[in-house]
Amino acid sequence: MEIKRFPLGALWTNGYLVWDEGGHAFLVDPGGEASEVRAFLEDKGLTLEWIVLTHGHGDHIGGLPQMRPLSRCGVAIHRDDADMLLEPGKNLSTFMGEPLSFDPAERILADGEELAVGSLTVRVIHTPGHTPGGICLLVTEGEERVLFAGDTLFARSIGRTDLPGGSEELLEVSLRVLAELPDELRVLPGHGPETRIGEERRNNPFWPR
């Protein structure tokens with residue numbers, strides 16, 4: 001499994017391009033102007049199979065106009081955030097100064113669902129709290145596993161719950177789900193540096209006790 005991080009958009013959202021040895025790729029959260037991602041795809045000769053959104057906020061979807069035409073299968077998002085693609089008020093882009101609205105996603109995701117991308121298996125873990133349809137993606141290839149956490153979990157922090165659709169109570173439940181994962185699991189969040197489950201268990205003040 002190969003992973004390339006692209007900080008995108010005004011809030012430097014972490015977009016992640018993930019691919020296997022055969023060049024089958026998916027993109028997590030293209031948050032803004034994405035010409036660098038397009039150039040990298042072309043340079044590596046990768047086939048973009050899916051764009052998977054961890055949630056529907058404007059700072060995670062801003063690069064869709066550039067990247068969606070390159071995606072063979074289209075865009076996937078959890079059903080509880082699906083309407084956020086359609087309405088700038090719901091995805092909060094109205095308040096960011098650049099209203100964004102897009103066609104509906106090609107695939108609506110649910111908890112426990114899996115996407116196959118070449119030799120990669122992408123499993124959806126529904127983690128509401130930051131948004132109703134927030135998800136984490138547990139990606140497996142052979143013995144290797146990585147968690148893409150969106151805005152559910154950050155290094156030493158968590159996603160905010162004071163935005164429309166947020167819920168402190170639901171986020172606490174979601175963190176308890178993530179607490180079942182092994183300490184050595186790499187965590188690649190929607191903003192900021194990567195971490196591991198064990199580091200957050202020991203050092204994150206918001207971690208469930």
Label point at residue 203 placed 7 Å out along Cα→Cβ; residues across the stretch 175-194 whose backbone nitrogen lies under 12 Å | 193-194
Cα-Cα separations in the stretch 27-141 greater than 23 Å, expressed as whole percent | 26 percent
Counted charge near residue 161, where neighbours are those whose Cβ lies closer than 11 Å (Asp, Glu -1; Lys, Arg +1) = -4
Using Cα pairs closer than 8 Å and at least 6 residues apart in sequence, work out the relative contact order for the stretch 1-81, in percent.
-> 27 percent
The stretch 1-19 to the stretch 71-92: how many Å between their Cα centroids?
-> 18 Å
Once the Cα gyration tensor of the chain is diagonalised, what are the square roots of 5 times its eigenvalues, in whole Å and ordered largest first, as equivalent ellipsoid semi-axes?
-> 24, 21, 15
Would you please classify the overall shape of the stretch 110-209 from the alpha carbon gyration tensor, given that a ≥ b ≥ c denote the square roots of the eigenvalues, rounded means a/c under 1.5, and beyond that prolate means a/b larger than b/c while oblate covers the rest?
-> oblate
Rounded to the nearest 0.05, FRET efficiency between residue 179 and residue 140 (Cβ-Cβ, R0 25 Å) equals 0.85
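So what's the net charge close to residue 62: Lys and Arg +1, Asp and Glu -1, counting the other residues with Cβ under 9 Å from its Cβ?
Taking every Cβ under 9 Å from that of residue 62, the sum is -3.
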Could you check how much of the accessible area of the chain is carbon and sulfur, as a whole percent, using a 1.4 Å probe?
-> 48 percent
Which FRET efficiency, nearest 0.05, do residue 121 and residue 42 yield, Cβ-Cβ r, R0 30 Å?
-> 0.70
Take the Cα of residue 21, step 7 Å along the line toward its Cβ, and report every residue of the stretch 129-153 whose backbone nitrogen sits under 20 Å from that point.
-> 139-146
What length, rounded to one decimal in nm, is gained on full extension from residue 33 through to residue 102, with 0.36 nm per residue of separation minus their alpha-carbon distance?
-> 23.3 nm
Residue-normalised value, i.e. accessible area per residue, for the chain at 1.4 Å probe, in Å², stands at 44 Å²
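So for the stretch 85-209: antiparallel DSSP bridges make up what percent, rounded to the nearest 5?
85 percent
The values are calculated or read from the model by the stated rules, or taken from the named source; none is laboratory data. Worth saying up front: this structure is predicted, and the values here are computed from it rather than measured. Neighbour counts run over all protein chains shown; Cβ positions are idealised from the backbone, glycine included. All accessible areas refer to the heavy atoms of the entire protein, side chains included, with ligands and DNA or RNA removed. Shrake-Rupley method; radii C 1.70, N 1.55, O 1.52, S 1.80 Å.
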